[in-house]
Amino acid sequence: MAIKSKAAKNSRAQQTARGTSSNGRPAKAPAVRVNEHGIPDWRLEHPEFEVFEVSSGPEVHYEIKGKLDTPVPPIRESKYLNKDQCLEIYRWMVMNRRMEQALENLYKQSKVVGGVYFGLGQEACSCASAYALGPDDWFAPMIRNQGAQLVRGFHARDIMMQYMAKSGSPTHGKDGTSHYGDIEKRHMVSPISMLGDLLPVMAGVSLGARLQGKELACLTWIGDGGQSTGVSYEGINFAAVRKLGLVLIIESNLWAYSTPTEYQVNVKDLANRAIGYGMPGVIIDGTDACQVYDATYEAVERAHHGEGPTMIEAKLMRMKGHAIHDAAAYVPKEMHEFWRKRDCIDRFEKYLLGKKWLTPELNKKMIAEIEKELEADRTFAENSPMPEPHTAAEGVYCEDGCHVIKPKYAMPKKAKRGEGKLKETEAAIHFK
Ligand SMILES: Cc1ncc(C[n+]2csc(CCOP(=O)(O)OP(=O)(O)O)c2C)c(N)n1
Ligand SMILES: [Mg+2]
């Protein structure tokens, strides 16, 4: 849920209590199939194609074979979302996309310092998942999850100013991309560029909260490439062993930079790896906002009950290059076309129109409001000053008293005198 949304918060509690959707109707539960390893697969479509390498002389390129003309699947009916929540998620998704279009324009006008990253085609995965968090929960976005920041209370102007390195940006012009967080209000841990490193950090946030008496959900995302790193294994394993509230969404978007998944991992479903960690895994269609919400919602519930982490594999496609400099010419055209037809915003829009939860007039009005807001944010960001040169060295190192680090929720429980006295560890003895 959006951090400010009180109505959504209330309906979340009711849904849990009643086990029905908050629109009052009993939740419809379409049949769930499982894959050959017993991992639930909520998708209503199971694309069958494969990317393979073709070399002609020194040149290598990729081609695709398989069924590429199958019909676009419907949206899976949510067990939890009501009309207003669906409309709110849809609005965030449109805002996410249009903000990124504005960023692309700013880049082309040479107003951006450095590059720009996009989550085109992944807006449902970013927005509907962040929307499923409770107000106290934590999240740590990666480069494709700018939409999650909007849902959790950042404004487009913050992100624009950050890319433009303006003094009013979250890092006051010291960083051009996304290396900022907000541990006070929005409970956002800063993205870490070293892929996988956020996983143990988020497991640690969950453990820290538990020591302070709170079971929190700690949501983060990782790519199909990033989940192959060693530190990902360590972070997920630690969360599984200690039953920490890590909610991990693997954005299985078929490419890790220019490497297709087929040439990166030897499993078809990355969620199978949950079995090895001893934790639940689920496969969803990452272009279906309802599936993204429901899977995250259930993972968040597990986290709140201290039941441990969940691995959600969201299957989708990265619809642009790695960043703005990458034209992604290595992606076979038919593959791009297949996924373009499954655009998460178009599909959700059609679904909402079909249910009459959205009318063409309301849609037009909503989009006009978003455009107006973005235009105001863009003007604000463009007009805000660059940082003063003397500020370059400020706030780089921690100076006396600049950061008071204290427990956020409560003092960790101390053992009573004489009780639970710590034994001297082997390591401590070794250091003597
Ligand atoms: C440990 C590590 N290795 C390599 C990189 C360089 N790098 C940045 S993004 C990227 C591709 C990531 O692909 P994936 O995890 O699938 O995410 P996607 O870009 O598809 O969302 C690579 C190799 C890095 N940042 N960190
Ligand atoms: Mg990827």
Name every residue in segment 390-410 that is hydrophobic (A, V, I, L, M, F, W, C), surrounded by 11 or more Cβ atoms within 10 Å (Cβ to Cβ) and part of a loop (DSSP other than H, G, I, E, B), in order of residue number.
-> 410
Do we have any residue at all in segment 215-227 that's farther than 30 Å from residue 324 by Cβ, modelled with pLDDT of 95 or more and not hydrophobic (A, V, I, L, M, F, W, C)?
-> yes
How do the pairs read when you match residues in segment 216-229 that are over 20 Å from residue 244 (Cα atoms) with residues anywhere that are within 12 Å of ligand 1 (Cβ to nearest atom) and part of a strand (DSSP E or B), using Cβ under 7 Å and keeping only pairs 6 or more apart or on different chains?
-> 223/251; 223/256; 224/250; 224/252; 224/256; 225/256; 225/259
Please determine, by comparing only the residues of segment 230-260 that are buried (at least 17 other Cβ atoms within 10 Å of the Cβ) and charged (D, E, K, R), which one is farthest from residue 278 (Cα to Cα).
-> 251
Identify the residue in segment 94-136 that is among the aromatic types (Phe, Trp, Tyr) and in a helix (DSSP H, G or I) and, among all such residues, is farthest from residue 337 (Cα to Cα).
-> 131
Could you check how many residues of segment 227-271 are among the hydroxyl-bearing types (Ser, Thr, Tyr), more than 15 Å from ligand 2 (Cβ to nearest atom) and not in a helix (DSSP H, G or I)?
-> 0
Those residues that are among the hydrophobic types (A, V, I, L, M, F, W, C), surrounded by fewer than 19 Cβ atoms within 10 Å (Cβ to Cβ) and not in a loop (DSSP other than H, G, I, E, B), I need them from segment 346-369; list them, please.
-> 353, 362, 366, 367, 368
Qualifying positions in segment 55-78 - over 21 Å from residue 346 (Cα atoms) and surrounded by 14 or more Cβ atoms within 10 Å (Cβ to Cβ) | 62, 64
Selection from segment 182-216 of residues that are small (Gly, Ala, Ser) and surrounded by 20 or more Cβ atoms within 10 Å (Cβ to Cβ) | 196, 203, 206, 209
Regarding residue 194, is this residue of a type in the set (A, V, I, L, M), out of contact with any Ser or Thr (no Cβ under 7 Å at 6 or more places or on another chain) and under 27 Å from residue 370 (Cβ atoms)?
-> no
State yes or no: is residue 233 aromatic (Phe, Trp, Tyr) and within 12 Å of ligand 1 (Cβ to nearest atom)?
-> no
Tally time: how many residues in segment 249-271 are within 20 Å of the chain's Cα centre (by Cα) and either β-branched (Val, Ile, Thr) or away from ligand 1 (no atom under 13 Å from the Cβ) (or both)?
-> 5
Residues located in segment 98-126, provided they are more than 16 Å from ligand 1 (Cβ to nearest atom) and either in contact (Cβ under 8 Å) with a residue 24 or more places away in the chain or within 13 Å of the chain's Cα centre (by Cα) (or both) = 98, 99, 102, 103, 104, 106, 107, 111, 112, 113
Reported set for segment 176-203 where residues are under 13 Å from residue 222 (Cα atoms), within 12 Å of ligand 1 (Cβ to nearest atom) and of a type outside the set (Gly, Ala, Ser) is 191, 192, 194, 195, 197, 198, 199
Total residues in segment 285-326, condition farther than 18 Å from residue 203 by Cβ and within 16 Å of ligand 1 (Cβ to nearest atom) = 17
Only one of (1) within 16 Å of ligand 1 (Cβ to nearest atom); (2) surrounded by fewer than 19 Cβ atoms within 10 Å (Cβ to Cβ); (3) at negative phi fails for residue 227. Which number is that?
-> (2)
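So that you can scan it fast, the table gives a plain yes or no per residue for (1) within 24 Å of residue 108 (Cα to Cα); (2) not acidic (Asp, Glu):
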| site | (1), (2) |
| --- | --- |
| 146 | yes, yes |
| 158 | yes, no |
| 161 | yes, yes |
| 167 | yes, yes |
| 178 | yes, yes |
| 186 | no, yes |
| 191 | no, yes |
| 194 | no, yes |
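The values are calculated or read from the model by the stated rules, or taken from the named source; none is laboratory data. Since this is a predicted model, take the numbers as computed values, not measurements. Virtual Cβ from ideal backbone geometry, glycine too; neighbours counted across all protein chains shown.
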